[in-house]
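> Submitted below is the structure of interest, expressed as structure tokens.
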Amino acid sequence: MTSPVTFTCDAFLDGRVTVRQPKPGFRSGLDAVFLAAACRAQAGERVLEAGCGAGAASLCLLARVPGVSITGVEIDAGLAALARQNATDNGFGAQFDIVNADLTLSWAELDAAGLLREAYDHVIANPPFFEHGRTRPSKDARNGRARAMATGAFEDWARFLAAVARPSATATVIHTAEALPQILAAFDRRFGALSILPLHPKHGAPAIRVIVSGIKGSRAPASILPGFVLHEADGKPTVAAAAILRHGQSLHP
């Protein structure tokens, strides 16, 4: 007999957003908040989040930018339903539309699911961090899908993001630092003017995450931004990190 899934209710942005998430398996946290903070969306614009999970990143973005509308794409039907409920519970039910679909499907199938080609001003994603065969398989199918994808699958994510982004739209992803080469390769000829922001766990430590943003169709060169430090030596968030995590500030001036 399968055990019932249990949930926790987690607070983001000092309680401005609350997100119910399955207790076992992958859970959104710091990465989701930083992804939302990195998106340059403004009121009246349309955003698409690929792999939205239970909705944490999109809900944080909705809390920061009144008047934005978001479409989330999620392959897991249970998480898609949970994201819809989280949107309603946070008062964003009319602004956050969730599509239960596999982003690697043909465009005819994605169109039938309700997605629009070249229609979004900003596209964002926090893809699975690992590749199958390079990490221990999860006993939980949902957790395994959230944590790992097939070798080279980031190319599929980049292709999807480019298909739904309008010309000159921004694309923003957060990923592990070691994935930077595959991100750059997948964004090549799709998104230019790339900005690469390394996230460091503390002063003097190697980056553990990168946030890569680009503009669809641009041919401008890439730039590496000064690294962002997350924690002081005592483990407390830096002032800059607290502004993002607690007060919902943007990463952009």
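> Tell me which residues, restricted to region 83-114, are of a type in the set (A, V, I, L, M) and closer than 18 Å to SER58 by Cβ.
Matches in region 83-114: ALA83, ALA87, ALA94, ILE98, VAL99, ALA101, LEU103, ALA113.
> Take ALA165 and tell me if it is among the aliphatic types (A, V, I, L, M), in contact with a Lys or Arg (Cβ under 7 Å, 6 or more places away or on another chain) and modelled with pLDDT of 95 or more.
yes
> Another question, then. Would you confirm, using the coordinates I've provided, whether ILE211 is under 24 Å from SER28 (Cβ atoms), surrounded by 14 or more Cβ atoms within 10 Å (Cβ to Cβ) and either at pLDDT below 95 or touching a strand residue (DSSP E or B) at 6+ places or on another chain (Cβ under 6 Å) (or both)?
yes
> Filter region 87-115 down to the residues that are out of contact with any Leu (no Cβ under 9 Å at 6 or more places or on another chain), touching a residue at least 12 places away in the same chain (Cβ under 8 Å) and part of a loop (DSSP other than H, G, I, E, B), then identify the one that is surrounded by the most Cβ atoms within 10 Å (Cβ to Cβ).
Top of the filtered list is THR104.
> Follow-up question, since we're still on this one. From the list ASP14, ASP10, ASP31, exactly one residue is within 26 Å of GLY214 (Cβ to Cβ) and surrounded by fewer than 21 Cβ atoms within 10 Å (Cβ to Cβ). Which is it?
Of the residues listed, the single one that is within 26 Å of GLY214 (Cβ to Cβ) and surrounded by fewer than 21 Cβ atoms within 10 Å (Cβ to Cβ) is ASP31.
> Is one or more of the residues making up region 232-239 basic (Lys, Arg) and assigned to a strand (DSSP E or B)?
No: zero hits.
> For region 174-184, check the following and say yes or no: at least one residue is free of Cβ contacts under 8 Å to residues at least 60 places away in the same chain, in a helix (DSSP H, G or I) and of a type in the set (Asp, Glu).
Yes.
> Looking only at region 197-253, which residues are in contact (Cβ under 8 Å) with a residue 40 or more places away in the chain and of a type in the set (Lys, Arg)?
ARG209, LYS216, ARG246
> Please state which of the following conditions GLN42 fails to meet, knowing it meets all the rest: (1) under 30 Å from PRO167 (Cβ atoms); (2) surrounded by 18 or more Cβ atoms within 10 Å (Cβ to Cβ).
(2)
> In addition: Exactly one of these conditions fails for ILE70: (1) among the aliphatic types (A, V, I, L, M); (2) under 19 Å from ALA153 (Cβ atoms); (3) under 16 Å from the mean Cα position of the chain (by Cα). Give me its number.
(2)
> Moving to a separate point now. So, in region 5-49, exactly how many residues are assigned to a strand (DSSP E or B) and among the hydrophobic types (A, V, I, L, M, F, W, C)?
Residues that pass the stated criteria total 8.
The values are calculated or read from the model by the stated rules, or taken from the named source; none is laboratory data. Everything numeric in this text was worked out from a predicted model, so none of it was measured. Methodologically, a virtual Cβ is constructed for each residue, glycine included, from the backbone with ideal geometry; neighbour enumeration extends over all protein chains shown.
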